[in-house]
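Reading through the structure tokens given below for one structure.
Read-outs: derived from the displayed coordinates by stated rules, not from any lab. The structure displayed is predicted, hence computed values, not measured ones. Reconstructed Cβ throughout: ideal geometry from the backbone, glycine too, with neighbour counts over all protein chains shown.
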Amino acid sequence: MNRRILSKQIKGWIREIMETVQLPMPIKQRSTGVNMSYNFLDNLISFNPTRLIHSHKEMCQSIPFRSFVQTLTLHELGHSLDRDALFASIPKSYHIYQIKKAHPYSERRKNMELFQWDLEEHEMNYVFEETAWLNARTLNQIYQIVDWPIMEEVEWNSLLTYTAQYNRDLLIYHKLKVAIVEPIAI
């Protein structure tokens, strides 16, 4: 299928979900490494058709592409329902950004006090993701848009991308903690 036609079709599916759940907002196509994203500052949803196709192919179970897009749209709309909390996180997010900007990952992963900010960011982001999925499930329960097994499968795959990086960094943090508690004998 022609990419332009596919992009219009995806945008139509997103708009259809917004109208159904009565949460309209602008939709932008963007070439990023992310499937779909909610920008709480501008209150808009962006999508990347190429990345959506690629992510859909990465799913463990085969599900219809339209249902995949609809589920992700519900998730992004779930973020929009948590917009006040996202705004409230700006000072903390900026503080973490400043720390990360001043200290590269290679330095932070050797310093427990610096590295705990990486974990803090993971935990904050994961809470936002869980909340968005909870909101998405609520919207889906009310409006009956996608089948529950599809919703659960897309949610599971989505959350897995967050837990993999968090678990890696949690192991690094625990290694740092053990090194401080149990100094190496000489």
**Q.** Computed [θ] at 222 nm, helices only, for the chain once each DSSP H run of length n ≥ 4 contributes -39500 (n - 2.57)
**A.** -24000 deg cm²/dmol
Q. When the Karplus curve 6.51 cos²θ - 1.76 cosθ + 1.60 is applied with θ = phi - 60°, which whole-Hz ³J(HN,Hα) does each residue of the stretch 158-163 get, with x for Gly and Pro?
A. 5, 5, 4, 5, 7, 5
Q.
Modelling each spin label as a point 7 Å along the Cα-to-Cβ direction, I'd like the residue 161/residue 181 distance in nm, to one decimal.
A. 3.4
Q: Please quote Rg/Rh for the stretch 31-131 to two decimal places, taking the Kirkwood radius as Rh and restricting both calculations to Cα atoms.
A: 1.04
Q) Once phi is turned into ³J(HN,Hα) by the Karplus curve 6.51 cos²θ - 1.76 cosθ + 1.60 with θ = phi - 60°, what whole-Hz value does each residue of the stretch 139-148 show in order, with x for glycine and proline? A) 4, 5, 5, 6, 9, 6, 8, 10, 5, 4
Q. Semi-axes of the stretch 90-186's equivalent ellipsoid from the Cα gyration tensor, sqrt of 5 times each eigenvalue, largest first, rounded to whole Å?
A. 35, 16, 9
Q: For the stretch 82-99, just list the computed ³J(HN,Hα) in residue order, Karplus coefficients 6.51, -1.76 and 1.60, θ = phi - 60°, integers in Hz, with x standing in for Gly and Pro.
A: 10, 4, 4, 5, 5, 4, 5, 7, 4, x, 5, 4, 5, 4, 5, 4, 4, 5
(Q) Between (1) 17.3; (2) 12.9; (3) 12.0, which entry matches mean projected area of the Cα convex hull in nm² as derived from the coordinates of this structure? (A) (2)
(Q) Quick check: net charge around residue 45, other residues with Cβ under 11 Å of its Cβ, Lys/Arg +1 and Asp/Glu -1? (A) +2
